[in-house]
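What follows is one structure encoded as structure tokens, with my remarks underneath.
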Amino acid sequence: MSLNQFILTVGTELQELLWRDVPQKALAEEIDELERQIQESTAEADRYQASTHQLRKDLADKELRAAWLTERVEVYLHVKDQPNAWRHALELDQLQQTISAERLKLRRRQRAYSDQRIHIRRLAERQASLLEELVAL
């Protein structure tokens, strides 16, 4: 084997080794990026979950208050105390509007949380697929 052939052979082998490494690096970088996105999305899902929990608690408190106000209105009407019945009825009406708005907000927050969990699952599936591909290389 001549020196030129040896250099050509070594150069070809070196080139194959270097080019084979390029897809592995690209896959590894994409896997790392997916991991970052999963962590970010998980943190966002956790925030949705925490705010959903707080909304549920606030809504339950408001519903208890509405039930109490309903009883008060009935009592005041029964004893013919119109001013207090009217005052409590107005507060009850405002509270019921707030409750309706918060229920809508809660449903939206629950949907956002659900969508975020689906997004995380898809990212994890893509990451697992890339890991399998990387191992196969």
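Listing for the model above:
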item: Condition met for V79 (farther than 30 Å from L123 by Cα, β-branched (V, I, T), at pLDDT 95 or above and surrounded by 15 or more Cβ atoms within 10 Å (Cβ to Cβ)); result: no
item: Complete set of residues in segment 4-50 that are modelled with pLDDT under 95 and among the aromatic types (F, W, Y); result: F6, W19
item: Close pairs (7 angstrom Cβ cut-off, 6 or more residues apart or separate chains): in a helix (DSSP H, G or I) in segment 13-42, exposed (fewer than 13 other Cβ atoms within 10 Å of the Cβ) and at pLDDT below 70 anywhere; result: P23/L137; Q24/L137
item: Where a residue in segment 80-106 is assigned to a loop (DSSP other than H, G, I, E, B) and its partner, wherever it lies, is of a type in the set (A, V, I, L, M, F, W, C) and surrounded by 11 or more Cβ atoms within 10 Å (Cβ to Cβ), with Cβ under 9 Å and at least six apart; result: D81/V75
item: Which listed residue, of L34, L64, L59, is in contact with a helix residue (DSSP H, G or I) (Cβ under 9 Å, 6 or more places away or on another chain) and more than 18 Å from I118 (Cβ to Cβ); result: L59
item: Subset of segment 88-137 that is over 33 Å from the mean Cα position of the chain (by Cα) and surrounded by 15 or more Cβ atoms within 10 Å (Cβ to Cβ) - its residue that is nearest to E63 (Cα to Cα); result: L92
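The values are calculated or read from the model by the stated rules, or taken from the named source; none is laboratory data. Computed from a predicted structure; not experimentally measured. Every residue, glycine as well, gets a Cβ built from its backbone with ideal geometry; the counts of neighbours run over all protein chains shown.
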